[in-house]
1. On alpha carbon coordinates alone, what is the Rg over Rh value for segment 70-213, Rh being the Kirkwood radius?
2. What is the extension gain from Ser39 to Glu344, computed as 0.36 nm multiplied by their sequence separation minus the C-alpha to C-alpha distance, in nm to one decimal?
3. For segment 2-11, take each phi angle, set θ = phi - 60°, evaluate the Karplus expression 6.51 cos²θ - 1.76 cosθ + 1.60, and give the result in whole Hz per residue in order, putting x for glycine and proline.
4. Along the Cα→Cβ direction, 7 angstrom out, place labels at Glu208 and Lys72. What is the inter-label distance in nm?
5. Check which residues have an amide H placed less than 5 Å from Ala225's amide H, if you skip close sequence neighbours.
6. If you wrap the chain's Cα atoms in a convex hull and average its projection over all directions, what's the area in nm²?
7. With a cut-off of 8 Å between alpha carbons and a minimum separation of six or more residues, what is the relative contact order of the chain in percent?
8. Cα-based Rg (one decimal) and Dmax (whole number) for segment 1-105, in Å?
Amino acid sequence: MALFSEILPSLPVDAFCQQSIDSSLQSVDRILSNGKANSLSEFATLLSPAARDRLEQIAQISQSLTQQHFGKVIRFFAPIYLSNECVNICKYCGFSRNNPIPRKTIAVDQVVSEVKQLAKKGFKSLLIVSGEHPKFVSPTYLEDCIAECIKIMPGIQIEIGPLSNDDCVPLVNAGCEGFVLYQETYHKETYQKHHTAGPKKDYLARLEAVENAYSSGFRKLGIGALLGLYDWRHEAIALAAHAKHLTKKCWKAQVSLSFPRMRPAAGEFSDDNLTEVTDRDMIQLICAMRLYLPKAAFTLSTREPQSFRDGLIPLGITHMSAGVCTEPGGYSDFDDETWTQTREQPGEQFNIADERPPHEVAAAIQEKGYEAVWKDSEKTLVTQ
């Protein structure tokens, strides 16, 4: 089966976007009468301005499908940042190598100490994150971190950038089960505009990395687009196509999607560079995506504010982070009782919006009639 990088250029994404804008309410109703979107074309219709008049109905179907396949649970995970050293220049990222932030790579023993902190809070699923810098974040260092963390956390995924097969296999053998990599933007010209130096300039290498990770043995695959860099409908359609491709080609893996929106970070990137993605746009995107990909996991990060995150709990989300720090070594500066930062963190990747400690997020989930699950296991998924 072809790589998605070979398929994407022939996909009429712009035509689907125009179709979305032009879709009628009658075409939306025909799709809703079936209770799902059977094609990328139908998914595009559910992103239309006309579909906003049926958003409540779309949300209800999304809720029903999510409960059918995942139950009434939200699975928790915690990210840990190993390093903010990075060789890339990405205009929107706090870790971009030209930003004058204090740089740090934490030693394996500090990684273990912070993971133990997270375990005390209840977490059993960990996402290891880092900037891309082969000198500081070597494959051997990553393998050592995973080998130690797996003794504490039964579920580990990694978000580090594209890796070769030779680099992936030892991480899988050390116990890492998931590989997460966001394309950031699927619009190639926009991608090239924002990624001006470093290996991340290579659009195709990034687009192909997830399939390479699967061939290396990873069995959880996470993708996403950083919403705000380009038109959100274009990103949604390309992301949906990518996810559908992975569900077919990488059929042994659980595929998850994330929908991060831009947040303030170090550097000169401003709101003037962004395209608007409103809360209503986000809700429409997530619920429509559920009608197209009923079995995919959907992740919502602390980039979103408390009230918005709580409102999305019943509408299609399956995974959430909580109590997050995006600076390497930052959990060491958290107060154990209140789980709040005791100092400013100028080396963070971005400012989080939902600063609640994990137990408060869990309580909000329970208030919605859902269960907060601290261990992410495919065995717990509802499959009828």
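None of the figures in this text is laboratory data; all of them are computed from the coordinates on show. Just so it is clear, the model here is predicted, and its values are computed rather than measured. Ideal geometry is used to build each Cβ from the backbone, glycine not excepted, and the neighbour counts take in all protein chains shown.
1. Values: Rg = 15.6 Å, Rh = 16.0 Å.
We get a ratio of 0.98 for segment 70-213.
2. Working: separation 305, 0.36 × 305 = 109.80 nm, distance 4.71 nm.
Difference between extended and current length: 105.1 nm.
3. Along segment 2-11, the couplings run 5, 6, 5, 4, 7, 8, 4, x, 8, 6 Hz.
4. If labels sit at Glu208 and Lys72, their model points lie 4.7 nm apart.
5. For Ala225, the qualifying residues are Ser258.
6. Numbers: hull surface 69.2 nm².
The number I arrive at for the chain is 17.3 nm².
7. Working: 739 pairs, mean separation 96.4, N = 384.
It comes to 25 percent, rounded to a whole number.
8. 20.6, 55
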